[in-house]
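The values are calculated or read from the model by the stated rules, or taken from the named source; none is laboratory data. Since we're looking at a predicted model, the values are computed, not measured. Cβ sites come from the backbone with ideal geometry, for glycine too, and all protein chains shown count toward neighbours. To get the accessible areas, we keep the full protein, side chains included, count just its heavy atoms, and leave off ligands, DNA and RNA. Shrake-Rupley method; radii C 1.70, N 1.55, O 1.52, S 1.80 Å.
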Amino acid sequence: MQALERVARLEKENAELRDEIARLKGLKGRPKLKPSGMEKAVEAASAKGSAKRKGRRGAKRSKLTVSETRIVKPDSLPEGSRFKGYEDFIVQDLVIAPWTVRYRRERWQLPSGETVVGCAAKAGGKPFRANLKRFVLSQYHQGQVTVPRLNALLADLGLDISKRQIVRLLSAKQDAFLAEATEVLARGTCLRPLD
């Protein structure tokens with residue numbers, strides 16, 4: 001232990017002498033850097049993390065929405081066995097799949113010879129639903145996915161959508177955003193720099 005302390009003291013003295021020599025020669029010395037403090041932050045975070053791990057995990061799982069329940073029965077049961085309830089086991093997955101709905105609009109011919117077809121607005125009226133639009137918007141703006149890559153991704157998922165339709169999804173009904181951007185720009189140009 002004494003040897004380690006002596007080595008540390010000699011190393012410090014050696015560094016001070018090198019700095020003194022550099023100063024006398026007119027050279028710049030080593031910069032004096034303060035400790036960053038990151039070590040303390042990492043230690044504090046790991047201490048907090050270990051405190052969190054000590055708690056039970058059940059509270060977090062109770063927030064999950066169960067999409068499907070499957071009952072798993074034992075392979076074989078001897079006669080006289082009694083049912084004692086269930087023991088839950090949670091499995092999570094993510095489902096991203098195309099969902100295509102075909103609306104079959106009825107066509108009727110009236111006695112007058114005129115043809116009447118079911119209303120397209122009742123069937124949704126648009127070829128792409130809100131979830132697809134949300135996905136495209138989030139991938140483009142948050143995920144910074146380009147339109148060609150979005151087109152390839154959606155095609156790989158099994159959707160039939162063109163680049164032009166993706167651009168329409170990205171730009172349709174954006175008037176509120178455009179108005180806000182125009183207002184911000186107008187207010188910014190009215191400001192005068194300080195003298």
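Worth pointing out:
- Integer Hz, Karplus 6.51/-1.76/1.60 couplings in order for segment 2-8, x for Gly and Pro: 5, 5, 5, 5, 5, 4, 4
- Kirkwood Rh in Å, taken over segment 109-161 so that all alpha-carbon pairs contribute: 13.7
- Largest-first ordering by accessible area, 1.4 Å probe, given options S162, S36: S36, S162
- Between L27 and T65, the simple spin-label model (points 7 angstrom out along Cα→Cβ) gives 6.8 nm.
- A simple count of charges around E68, restricted to other residues whose Cβ falls under 15 Å of its Cβ and scoring Lys, Arg +1 and Asp, Glu -1, yields -1.
- Placing a pseudo-label 7 Å from each Cα along the Cα-to-Cβ vector at Y86 and W108 gives an inter-label distance of 4.5 nm.
- Residue by residue, segment 102-117 carries 3J(HN,Hα) couplings of 9, 9, 9, 7, 6, 10, 10, 9, 6, x, 6, x, 6, 9, 10, 10 Hz when phi is fed to the Karplus relation 6.51 cos²θ - 1.76 cosθ + 1.60 (θ = phi - 60°); x denotes Gly or Pro.
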